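If you scroll down you'll find the structure; I have some questions about it.
The values are calculated or read from the model by the stated rules, or taken from the named source; none is laboratory data. Here the structure is a predicted model, which means the values were calculated and not measured. Heads up, the Cβs are rebuilt from the backbone with ideal geometry, glycines too, and the neighbour counts pull from every protein chain shown.
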Amino acid sequence: MARKRTNPTSGPGEANASLDVASRRHRRLLPLYAITGILLAVLFGQLGREQFVNRPEYLEREKQQTLRRIILPAPRGTIYDRDGRLLAGNRATFSASVFLDELRPAFREEYIRQVRAVRERERATGEPAETSNRDLVWRARMAVIRRHLDTLEGLIGRELDMSLATLRGHFHQRILLPLPLVENLTEEEYATLIDQLPKDSPIVVATDSARYYPYGPLAAHTLGYVVNQPEEVPEDLSGDDLLTFSRYGKRGKAGVEREFEADLHGDSGEEVWRVDPQGFQFERVDFRQPVVGGDVYLSLDAEVQQAAERALDGYVGAAVALDPQTGEVLALASRPTYDLNELTPRIPSPVFARINEKGAWLNRAVQGLYPPGSTFKPVTAMAALREDQVEPEETLWCGTSYLVGNRRFPEHSSPGFGDIALERALAVSSNVYFYQTGLAAGAEAIADTARVLGLATPTGVELPFETDDMLVPDPAWKRENRGEGWWPGDTANLSIGQGFLRVTPLQMAVVAASLATGETGIRPTLLRREGEGWLDRATRLPLPLSEEDREAIVAGMRAAVAEGTARRAQLPDIEVAGKTGTAQVYPGGKARTLAWFIGFAPVQNPRIAFAVVTESQEDGVEFAGGAQAAPIARAMLEAFFAQEEGVPGAPEAPFSPLVHRLGAREAVVQ
């Protein structure tokens, strides 16, 4: 065994020296040990902080990376008329779609095939292909989609196409949602696909809902229409930091559909999905069912509305009917119009262009601005009576014209009317009588009376886009806006409802309702009101006129229907009070005539007030309130009173089994 050798010359001193060297070396390493210890402590402290303190943050980040949310639109509520007739509901629509995640194996196989084909061409030609790998990916995806389109074409017999841009957009923006291959399937096409699509086909035939209007164009401007747009994210949904995809829902764009959007829309639902690194869903982790929207009952009477629209056929204009006691709108018609069913589920460009070309988007009842012509004469009479410038029994000479300054203003009847009082003046609509009474009252008094009756401000009816450009002129307005003084001729024009004056048909219906009830502040409403206590009487005030003076004006309006200019509005056994009017406008420099008629019935217990205006479209055609507008009002009155007498006559509406098969409360997206 080998023995360890020792140095016989080494002594205790050398050993001590070695210990000193080791000690000095150890002391030099102490700072390093300290630094290392501190760093390890910091490291472990940070690890602990990340593990325990910041854990919720990392979990949230993981959730954001792996979870996706889909917003599900709610079925839209329905709209009814005052008697429960369906005016707007939902119908079933059918589409064929694919989910992109189910096509991934096919995409991969097609991509491999495309790559092999490119390599074979490279070997055959000896030249590298110019196609990039990215192009091959999209070419493969498009080829797979094309095969499914070909399958659908063979089954339903119509050509289908999809652009690469559409496919790219869906991949990048809506990857979790179904890709529509064909929409708006007919019932026959739907049945064919259900019956003949292979069981293992990734094509899904889905059911959705679209708006349906049983009466087509009836009350189109009032009901309005909806547009398809991605559903908005509700504020009450949790996890609002998740990447969100929205199915297309319906959003009111015009009319009642827009005004009552919050009521009709319902509460959106949601799905939360766990996705893989490519963004495809593989597990649903949460679901909330959409809640159907609420129903809206309108004050419209479908029978009165239909009567108004039929009578308006062939005209450009509007007709309005109100319940003067409550302000409920019974009819609100505008011509030209359009079929609401042509606007759902989407508005085709040719349809939009056609409606736009004929000016049918304009709701003339609340957006059309017109001089009211002689229907304004009761307002002038009120102003003169308020100012004590005339008495109801006082007669004025009404010849063929009246001199105002150095200009003669004509009477509409060449012989004139001789000595007449207020009742006769309204019955025959004498211009000269109202030139005189208007000049005596003054422009300020006439304008103030018009403002009291609500002609200077919007009515506030529950419709979007009611115009606020109505105009009741006075001397101050003319100085400010025209930089000119007010002339007596301006007052003469104002007295007979012409000149700068501009009002809407709905405003004039409110004027008629005020004359019927003896009250101002009548607010028209489109909502059906039931029960007691809803009517806000605080907004109503008595007409600033004695009851005797109001009755004198009403007597003149009764005479206009009984024996004057409005005889075509007469009804058997029902007394009607009304006032015709004719006014001139010059759109585009072309002279056009307006035919007006306003009034109410029955005289003793008014239950309906109305206003009608039509616009002439041809030169040389006789156009007057009594000839064109009064018969339209009569049609509304006949429909209204026929219901009170129990005469059957429900509006004709095409029956659609789809409305019953998929009502508003059952519409789902499969």
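Quick one: would you say D301 is within 25 Å of R76 (Cβ to Cβ), surrounded by fewer than 24 Cβ atoms within 10 Å (Cβ to Cβ) and not β-branched (V, I, T)?
Considered against the rule, which asks whether it is within 25 Å of R76 (Cβ to Cβ), surrounded by fewer than 24 Cβ atoms within 10 Å (Cβ to Cβ) and not β-branched (V, I, T), D301 comes out as no.
Additional query: Using the structure shown, decide if T207 is polar (S, T, N, Q) and assigned to a helix (DSSP H, G or I).
Criteria not met by T207.
Further, regarding this structure: If I filter the range 519-530 down to residues being in a loop (DSSP other than H, G, I, E, B) and touching a residue at least 60 places away in the same chain (Cβ under 8 Å), which single residue comes out as nearest to the chain's Cα centre (by Cα)?
Ranking the candidates gives L526 first.
T565 passes all but one of (1) part of a helix (DSSP H, G or I); (2) more than 33 Å from the chain's Cα centre (by Cα); which number fails?
Tallying (1) part of a helix (DSSP H, G or I); (2) more than 33 Å from the chain's Cα centre (by Cα), T565 fails exactly one: (1).
What about T186, is it at pLDDT 90 or above, over 30 Å from A319 (Cα atoms) and hydroxyl-bearing (S, T, Y)?
Taking the combined requirement at face value, the residue does not satisfy it.
Among the residues of the range 596-633, what is the count of those that are in contact (Cβ under 8 Å) with a residue 24 or more places away in the chain and surrounded by fewer than 24 Cβ atoms within 10 Å (Cβ to Cβ)?
Summing the residues that are in contact (Cβ under 8 Å) with a residue 24 or more places away in the chain and surrounded by fewer than 24 Cβ atoms within 10 Å (Cβ to Cβ) in the range 596-633 gives 14.
Let me ask another. Pick from A311, A318: which is modelled with pLDDT of 95 or more and under 20 Å from I522 (Cβ atoms)?
Numbers: A311 fails: under 20 Å from I522 (Cβ atoms).
Being modelled with pLDDT of 95 or more and under 20 Å from I522 (Cβ atoms) holds for just one of A311, A318, which is A318.
Let me ask something else about it. Would you point out the residue of the range 324-343, among those that are assigned to a loop (DSSP other than H, G, I, E, B) and within 19 Å of the chain's Cα centre (by Cα), that is surrounded by the fewest Cβ atoms within 10 Å (Cβ to Cβ)?
Of everything passing the filter in the range 324-343, D339 is surrounded by the fewest Cβ atoms within 10 Å (Cβ to Cβ).
Assess whether D573 counts as being under 24 Å from L455 (Cβ atoms) and among the charged types (D, E, K, R).
no
Of (1) closer than 18 Å to D323 by Cβ; (2) at pLDDT 95 or above, R558 satisfies all except one. Which?
(1)
Select, from R91, R28, R69, R3, the only residue that is modelled with pLDDT under 75 and not in a helix (DSSP H, G or I).
R3
Looking at E462, E480 in this structure, which one is part of a loop (DSSP other than H, G, I, E, B) and either more than 25 Å from E551 (Cα to Cα) or modelled with pLDDT under 95 (or both)?
Sole residue among the options that is part of a loop (DSSP other than H, G, I, E, B) and either more than 25 Å from E551 (Cα to Cα) or modelled with pLDDT under 95 (or both): E462.
Check the range 305-317 and report whether any residue there is in contact with a His (Cβ under 9 Å, 6 or more places away or on another chain), under 30 Å from A360 (Cα atoms) and among the small types (G, A, S).
Within the range 305-317 (the criterion being in contact with a His (Cβ under 9 Å, 6 or more places away or on another chain), under 30 Å from A360 (Cα atoms) and among the small types (G, A, S)), the answer is no, since none of the residues qualifies.
Examine the range 543-551 for a residue that is at pLDDT 95 or above, assigned to a helix (DSSP H, G or I) and touching a strand residue (DSSP E or B) at 6+ places or on another chain (Cβ under 9 Å), and state whether such a residue exists.
No, every residue in the range 543-551 fails to be at pLDDT 95 or above, assigned to a helix (DSSP H, G or I) and touching a strand residue (DSSP E or B) at 6+ places or on another chain (Cβ under 9 Å).
Then there's this: Could you give me the residue pairs with C-beta distances under 7 Å whose first residue belongs to the range 176-193 and is closer than 15 Å to F99 by Cβ, whose second residue is surrounded by fewer than 16 Cβ atoms within 10 Å (Cβ to Cβ) and at pLDDT 90 or above wherever it lies, and which are 6+ apart or on separate chains?
Final answer for the pair search is L181/L160.
A follow-up question, please. Examine the range 616-624 for a residue that is at pLDDT 75 or above and either outside any loop (DSSP other than H, G, I, E, B) or touching a Gly at 6+ places or on another chain (Cβ under 7 Å) (or both), and state whether such a residue exists.
So far as the range 616-624 goes, no, none of its residues is at pLDDT 75 or above and either outside any loop (DSSP other than H, G, I, E, B) or touching a Gly at 6+ places or on another chain (Cβ under 7 Å) (or both).
Read through the list (1) within 26 Å of the chain's Cα centre (by Cα); (2) under 24 Å from V291 (Cα atoms), then give the number of the only condition that T222 fails.
Checking T222 against (1) within 26 Å of the chain's Cα centre (by Cα); (2) under 24 Å from V291 (Cα atoms), the one that fails is (2).
Can V461 be described as farther than 20 Å from N431 by Cα and surrounded by 20 or more Cβ atoms within 10 Å (Cβ to Cβ)?
Details: farther than 20 Å from N431 by Cα: yes; surrounded by 20 or more Cβ atoms within 10 Å (Cβ to Cβ): yes.
Yes, satisfied.
If you check A516, A569, A512, which single one turns out to be within 15 Å of K377 (Cβ to Cβ), buried (at least 20 other Cβ atoms within 10 Å of the Cβ) and touching a residue at least 12 places away in the same chain (Cβ under 8 Å)?
A512
Could you identify the single residue in A321, A308 that is in a helix (DSSP H, G or I), hydrophobic (A, V, I, L, M, F, W, C), touching a residue at least 60 places away in the same chain (Cβ under 8 Å) and out of contact with any Pro (no Cβ under 9 Å at 6 or more places or on another chain)?
When all the criteria are applied, what remains is A308.
Suppose we keep only residues that are modelled with pLDDT under 80 and of a type in the set (S, T, N, Q) within the range 222-269. Which one would you say is farthest from Y212 (Cα to Cα)?
Checked the range 222-269; the qualifying residue farthest from Y212 (Cα to Cα) is S238.
List, please: which pairs have Cβ atoms under 8 Å, are six or more places apart or on different chains, and start with a residue in the range 491-505 that is within 7 Å of P371 (Cβ to Cβ) and end with one that is assigned to a helix (DSSP H, G or I) and of a type in the set (G, A, S)?
Short answer, once both residue conditions are applied: G497/G373; G497/S374; Q498/G373; L501/A450.
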